[in-house]
Amino acid sequence: MHIRAWLHQAVDPSARAQGVSLFNLVICGLILIAVLIAVLETEQTLVDQFPVFFYLAEWLFFIVFAAEFCLRVYVAPLNPLFTGRFGRIRYLFSLWALIDLLALLPFLLTGTDVTAYYLRLARLLRVLRIARLGRFTHAWAMLGGAFHARRYELLISALIALLLLLVSSTFLYLLEAEGQPDAFGSVPRALWWSVATLTTVGYGDVTPLTAAGKFFAGITAVAGIGLVAMPTGILAAAFSDAFQKQRGEKQGG
């Protein structure tokens, strides 16, 4: 029990009131390296030039992360959330355990005869390993709290965005459908232009040609600036409140 308690302190981030253990710091570093290698692996010329390196690296990460996962399952019953007879089973279905399993899945996919689509999917899952860093920080909890605290304001922002998209698509359909039927021949077709413009992306592959269409496009682009700024300001205020609350709790403690 003494060894398992020591492992629990080293492996489970929730076992420490503050700070991160050396074990978890090493895991964080390995996750970042694994993500970097996964990004580089999408460049086929590098894979062709250093095939052995990428092969051995994936083997190494699989062994390390699999061993880490086994340790987390071993010490799970010491966490108050997973005590009892079926504590380990409940842990296996927890969010972070499922993310850990997803991090191991790419190795199993690439180890079999799969199509190019599933190979790209496996590489994407490797990049998503960075999501595992969330268990080592309170930032995810603060992010969730910020969204929850401002959920109604964000919902109103989303409804306004949908209204603007619908109005913009409708007007562009009325003004540009005759001249550009492929791009603006229906409201759903014009919706792509509205999304690109309201989000200030502006790909430029589709542009209005009539004077009235250009005038309305300018109004839509200006409205898009406010559309992006609105939820940004709401979340910024929510984060500020969350940081102040956390600072107050630390000072009070």
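Shape analysis of the stretch 61-101 yields a ratio of the Cα radius of gyration to the Kirkwood radius, Rg/Rh, of 0.99.
Derived scalar couplings between HN and Hα for the stretch 3-14 equal 5, 5, 5, 5, 5, 4, 5, 7, 9, 8, x, 6 Hz in order, rounded to whole Hz, by the Karplus curve 6.51 cos²θ - 1.76 cosθ + 1.60 (θ = phi - 60°), x for Gly and Pro.
Computed from the C-beta positions of Val39 and Ile63, the FRET efficiency with R₀ = 25 Å rounds to 0.75. Using a simple spin-label model with pseudo-atoms 7 Å out from Cα toward Cβ, Ala158 and Cys70 lie 4.3 nm apart. Placing a pseudo-label 7 Å from each Cα along the Cα-to-Cβ vector at Leu30 and Leu102 gives an inter-label distance of 2.0 nm.
For the stretch 153-239, the alpha carbon convex hull comes to 75 Å³ per residue, rounded to a whole number. For the listed peptides 46-54, 72-80, 28-36, a ranking on the average number of other beta carbons within 10 Å per residue, highest first, reads 72-80, 28-36, 46-54. The distance between label points at Phe53 and Ile89 comes to 4.7 nm (points 7 Å beyond Cα on the Cα→Cβ vector). Using R₀ = 25 Å, calculate the FRET efficiency as 1/(1 + (r/R₀)^6) where r is the Cβ-Cβ separation of Leu174 and Thr232; round to 0.05. For R0 = 25 Å, the calculated efficiency reads 0.20.
Three principal axis extents describe the C-alpha atoms of the stretch 1-78; from largest down they are 49, 22, 15 Å.
Values quoted throughout were computed directly from the atomic coordinates according to the rules given, and no laboratory measurement underlies them. Keep in mind the model is a prediction, meaning the values are calculated, not measured. Neighbour counts are summed over all protein chains in view; Cβ atoms, including those assigned to glycine, are modelled from backbone coordinates with ideal geometry.
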